[in-house]
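Derivation of every value follows stated rules applied to the coordinates shown; laboratory data play no part. Just so we're clear, the structure is a prediction, and the values are computed from it rather than from any experiment. No Cβ is skipped: glycine too gets one built from the backbone with ideal geometry, and neighbour counts run over all protein chains shown.
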Amino acid sequence: MRLLSTLVAPAHHSCQRALFAFAVLLLSGCSGGRPLPSGIDRQALRDIAPAEDLDPAPGVVEVRLRASQVEYKFFDGGMSEVLAYNGQVPGPLIEARAGDRVIVRFQNDLSQPSTIHWHGIRLSPGMDGSPLSQDPVPPGGSFTYDFIVPDAGLYWYHPHHNEEEQIQSGLYGPLLVRGTNEPAFTRERVIVLSDIMLDRMGMPMPMDNSTDDPYMQALGMEGNVLLLNGQRMPVIELRPGCRERWRIVNSAGARYFKLALPGHAMTLVGVDGGLIEAPVAIGSMLLAPGERADLVVDSGTAGQGAGVLLNQSYARLADTVFTPPADTELAIVLTKGAPVDSPPPIPAHLRTIEVPDTPHPQRSITLNAALDPPLPDPPLLASAMEDGGMGGGGNGEGAARFMINGAIWPEVPAFEVRRGEAEVWEIYNHTQMDHPFHIHGFHFQVLDLNGEPWPWRGWKDTVNVPAGNGGENRLHILVQYEGEPGDWLYHCHILHHNAMGMMAAFTVNP
Ligand code: C2O
Ligand code: CU
């Protein structure tokens, strides 16, 4: 099982003890003059540099995004060759207000074609950056994206062409749309979670379709360096008594983050498509690739000192043989400085979310997989090979197939619906691993998992469909076709699953 544990929990094992020593030093207040353990960068978490708004007119945000290969320093000790927007990882923060027009002048200076997809934005299909809506912009080419951002929330952007390589090499960035009447707290941060796989020379190693590592085939590649705003193990400084709003996106290609901050109160106030109806106190927050969380974080009750933002153990492969990865540390959370007097309260009601009251026909979506080569461990293999799908259809190519309703992209039949209507989608996970399910162009509400009502009401565009439960998980979402007519994608946001076929289209008629 060495291979599996290396793949699933690659980062920070070797520096856990060192981190603990470092935290003890901070707590005892005698860190002065002691050299830091190697591999830990004690830099304050940076705000992501914003994109410059080139248009002074109110209601219009115009920015430039140039994708190119650059040398980038993730931490002391080496430069990495990455792909980046405007030379930074993550790409620049684009900020707008709900209803604004956003114009993005995209210049592709990569050596391969690319596009930009505006993940979660309900926009017109021609601006979606997907293979249904646009031919990729060739190397040296440019394209102007021009769209309205109708909904407040934290969104993000990334290529929708050769995503496995391009996103996992550094092409992703946040798009923050502010609403009117948003709750204000001591401070707001935008935090982009990601990871990257670097080799010994610090060079990224994106997974390509030819990998024969069965675990990568099954779970998608997780990086060996975990990043917050492009930084490894930064320090987040809180003032005693503060209450901060953390707006977090998981931009990783495959890694799940289950965030916990022991000793601090955390409250969920928003998800992908903005505020939820009412705040929910939470002990941890699971974020699958593509999902966002809007969290209110209180400084610890312990007063001054160091805490740790954890990525808690989470098993996204359901099997009794599978050992979930251990908890890992993401950031040091240091409480220091002048106390904040009385932090603003969290409103008891954040927003009214209506359940569309049209008839809701039900649509069935089944997620299935056939792995080739199979996972090596027999019991694991037995359960991962659901519906007898051994051997990848005998094509001998050694490729896994990740399917929707038994077919791979682009062979999954598209369906047609009408703008303004709503439907319940039953998403049946018939595999032994989780899948983050994403719909372009429209928002949905999560209703229930196996009949258990969802713990909060809000709008989403990406939701994790868990494995386990004997391969019998049925998640129900209510999709509201309130957006633009056209051809739209839905797919798994584990980039490898997407690349191996777990993607399909639907048409919204006017
Ligand atoms: Cu963020 Cu079609 O994806
Ligand atoms: Cu998937």
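Scanning residues 5 or more positions from ARG363 or on other chains, those with amide H under 5 Å from its amide H are VAL424, TRP425, GLU426, with H placed 1.01 Å from N in the peptide plane. Quick check: net charge around ALA184, other residues with Cβ under 14 Å of its Cβ, Lys/Arg +1 and Asp/Glu -1? Summing Lys/Arg as +1 and Asp/Glu as -1 gives +2.
In a DSSP loop and with at most 13 other Cβ atoms within 10 Å, the GluC sites (Glu not before Pro) in the stretch 403-457 are GLU411. Put the Cα centre of the stretch 73-139 next to the Cα centre of the stretch 265-305 and the gap is 27 Å. Cross-link partners for LYS258 among the lysines, with Cα-Cα distance under 22 Å and sequence neighbours closer than 8 places in the same chain left out: LYS460. To check you understand DSSP bridge types, tell me what percent of the beta bridges within the stretch 47-181 (both residues inside) are antiparallel, rounded to 5. Taking every DSSP beta bridge with both residues in the stretch 47-181, the antiparallel ones total about 60 percent.
Of the trypsin sites (Lys or Arg not before Pro) in the stretch 101-201, the ones in a loop by DSSP (not H, G, I, E or B) with at most 16 other beta carbons within 10 Å are ARG200.
Each Lys or Arg adds one and each Asp or Glu subtracts one; over the other residues with Cβ under 15 Å from the Cβ of GLN362, this totals -2.
Which of the aspartates and glutamates could be linked to LYS336 by a straight reach, that is with a Cα gap under 15 Å, when you skip same-chain ones fewer than 8 residues away? Cα-Cα hits under 15 Å: GLU237, GLU244, ASP298.
Based on other C-beta atoms within 10 Å, arrange SER124, SER364, SER342, SER169 from fewest to most. Display every interim value, and only then the final one.
On the way: SER124 16, SER364 11, SER342 7, SER169 25.
Ascending number of Cβ neighbours within 10 Å: SER342, SER364, SER124, SER169.
Ranking request for peptides 487-500, 240-253, 48-61: highest mean number of other beta-carbon atoms within 10 Å first, then the rest in descending order. Walk me through the intermediate numbers first.
Working: 487-500: 25.4, 240-253: 22.8, 48-61: 13.9.
Ranking, from highest mean packing down: 487-500, 240-253, 48-61.
Just add up the charged neighbours of THR352: K/R +1, D/E -1, any other residue whose Cβ is under 13 Å from the Cβ of THR352. All intermediate terms of the calculation are to be shown ahead of the outcome.
Working: positive: ARG351, ARG457; negative: GLU277, GLU354.
Residues near THR352 contribute 0 overall.
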